[in-house]
């Protein structure tokens, strides 16, 4: 049985795990331990040499277990399985999505470097970029989703620091409006400003699409980042993050993770492995539900506009081209403008019965929130306006419930407005 002949959803049950090493247990046990015993001092020395990059790994040699801040069986098996969806060489798992994002940014940027990022992005990402990175002498400049390559290059040049560009971070589809960014275009910009002495890296936050509906590495991204809390975890019971890419780059990410100490623990690893077994089934049902709900909202008299990828219908537009190139599904995230403002949005949210009023997304239960006053409250007002994050915007994450029940709930809540 060869890995290349099997689909990821089939390999999620067993890939990377040897039952004979764990008393024949069919599921990976939880290795709740801080440290691991070496058989000999020589073995311990060999393990540390590899862990700290002091020598190359032998052809038949496997890195050994040392300490759970460096490696743990639950973490390693999970990372192996996550690489399958994105066809990545290696992966690193963290205790949160923000831990993954911040670790990548801190590893690939230093004082004096320039970061280019897309807008809108998740509120936590926006805060870290604008309020934390800048404290350490890192310059940051943003561009709007939908801007052309020439416009973005002009923005870079206008800073007077384009030659310092070191890293690009984009989020596509963007939270909360499903705005799209062309990954290949951003890679072209990264290559344009790379030199023999400096590689400009491109990282894509793919949380909105999960590992199923988009694979940024295939479109030129160097790294793909997930809040694994969302679709990968999928049950609102674990916080985690992940980063995938080449062995060379992930080695750097893991090195920074080791010293920041924000790796995922064994319980987190075990919970995510459990969730990966049903990831495809869950996400496909969520996408089918979302299509039904989006069509209902589009026709509702109290809804002004629906932000849903499935409604990108103008075939000659750049948005349509990006959508068809980068994504295999319209996903399960829907935002909509309710007619009115904050009062009407809050009335809708306060009258939901089945759908829960909570932030987060990608879980089995459907969730609703108000981005302008919740997830994106700290985004400057000017940026909110540019990105249509207004008082009338409501964001929905569609779960696995019966779509007719979800439509009933949305309908009765809109009736109260």
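Would you list the helices (runs of 4 or more DSSP H) that sit entirely within the stretch 1-111 and hold 1 or more residues that are in contact with a helix residue (DSSP H, G or I) (Cβ under 7 Å, 6 or more places away or on another chain) and either surrounded by 19 or more Cβ atoms within 10 Å (Cβ to Cβ) or modelled with pLDDT under 90 (or both)?
In the stretch 1-111, 8-11, 73-86, 97-108 are the helices (runs of 4 or more DSSP H) which contain 1 or more residues that are in contact with a helix residue (DSSP H, G or I) (Cβ under 7 Å, 6 or more places away or on another chain) and either surrounded by 19 or more Cβ atoms within 10 Å (Cβ to Cβ) or modelled with pLDDT under 90 (or both).
Identify all residues within the stretch 373-386 that are under 20 Å from residue 308 (Cα atoms) and buried (at least 22 other Cβ atoms within 10 Å of the Cβ); write none if there are none.
Passing the criteria: only 376.
Residue 322 - would you say it is outside any loop (DSSP other than H, G, I, E, B) and not assigned by TED's automatic domain parsing to the domain that holds residue 206?
yes
Would you confirm whether any residue within the stretch 292-303 is within 25 Å of residue 238 (Cα to Cα), in a loop (DSSP other than H, G, I, E, B) and touching a strand residue (DSSP E or B) at 6+ places or on another chain (Cβ under 7 Å)?
no
Here's the yes/no breakdown for (1) in the same structural domain as residue 271 (by TED's automatic domain parsing); (2) over 30 Å from residue 362 (Cα atoms):
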| site | (1), (2) |
| --- | --- |
| 9 | no, no |
| 41 | no, yes |
| 48 | no, yes |
| 86 | yes, no |
| 91 | yes, no |
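Anything in the stretch 304-319 that is part of a strand (DSSP E or B) and crowded, with 19+ Cβ neighbours inside 10 Å? List them, or say none.
Once the filter is applied, which keeps residues that are part of a strand (DSSP E or B) and crowded, with 19+ Cβ neighbours inside 10 Å, the stretch 304-319 yields 306, 307.
Here are some residues: 146, 124. Which one is in a loop (DSSP other than H, G, I, E, B) and modelled with pLDDT under 95?
146
If the requirement is being over 25 Å from residue 379 (Cα atoms) and touching a strand residue (DSSP E or B) at 6+ places or on another chain (Cβ under 7 Å), which of these qualifies: 156, 165, 249, 202?
None of the others qualify; the one that does is 249.
Listed here are the residues, each with its yes/no results for (1) under 17 Å from residue 333 (Cβ atoms); (2) free of Cβ contacts under 8 Å to residues at least 24 places away in the same chain; (3) under 14 Å from the mean Cα position of the chain (by Cα); (4) not in a strand (DSSP E or B).
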{"residue": "157", "(1), (2), (3), (4)": "no, yes, no, yes"}
{"residue": "178", "(1), (2), (3), (4)": "yes, no, yes, yes"}
{"residue": "185", "(1), (2), (3), (4)": "no, no, no, yes"}
{"residue": "191", "(1), (2), (3), (4)": "no, yes, no, yes"}
{"residue": "259", "(1), (2), (3), (4)": "no, yes, no, yes"}
{"residue": "268", "(1), (2), (3), (4)": "no, no, no, yes"}
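Out of curiosity, is residue 217 part of a helix (DSSP H, G or I) and touching a residue at least 60 places away in the same chain (Cβ under 8 Å)?
For residue 217, the condition - part of a helix (DSSP H, G or I) and touching a residue at least 60 places away in the same chain (Cβ under 8 Å) - is met.
Among the residues of the stretch 347-357, are any without any contact (Cβ under 8 Å) to a residue 40 or more places away in the chain, assigned to a loop (DSSP other than H, G, I, E, B), in contact with a strand residue (DSSP E or B) (Cβ under 7 Å, 6 or more places away or on another chain) and crowded, with 21+ Cβ neighbours inside 10 Å?
no
Answer with yes or no whether residue 242 is surrounded by 24 or more Cβ atoms within 10 Å (Cβ to Cβ), in contact with a strand residue (DSSP E or B) (Cβ under 6 Å, 6 or more places away or on another chain) and in a loop (DSSP other than H, G, I, E, B).
No, not satisfied.
Filter the stretch 205-214 for residues that are in contact with a strand residue (DSSP E or B) (Cβ under 9 Å, 6 or more places away or on another chain) and part of a helix (DSSP H, G or I) and give the result.
Passing the criteria: 210, 211.
The values are calculated or read from the model by the stated rules, or taken from the named source; none is laboratory data. Small disclaimer: the values here were computed from a predicted structure and weren't measured. A quick note on method: Cβ atoms are made from the backbone with ideal geometry, for glycine too, and the neighbour counts reach across all protein chains shown.
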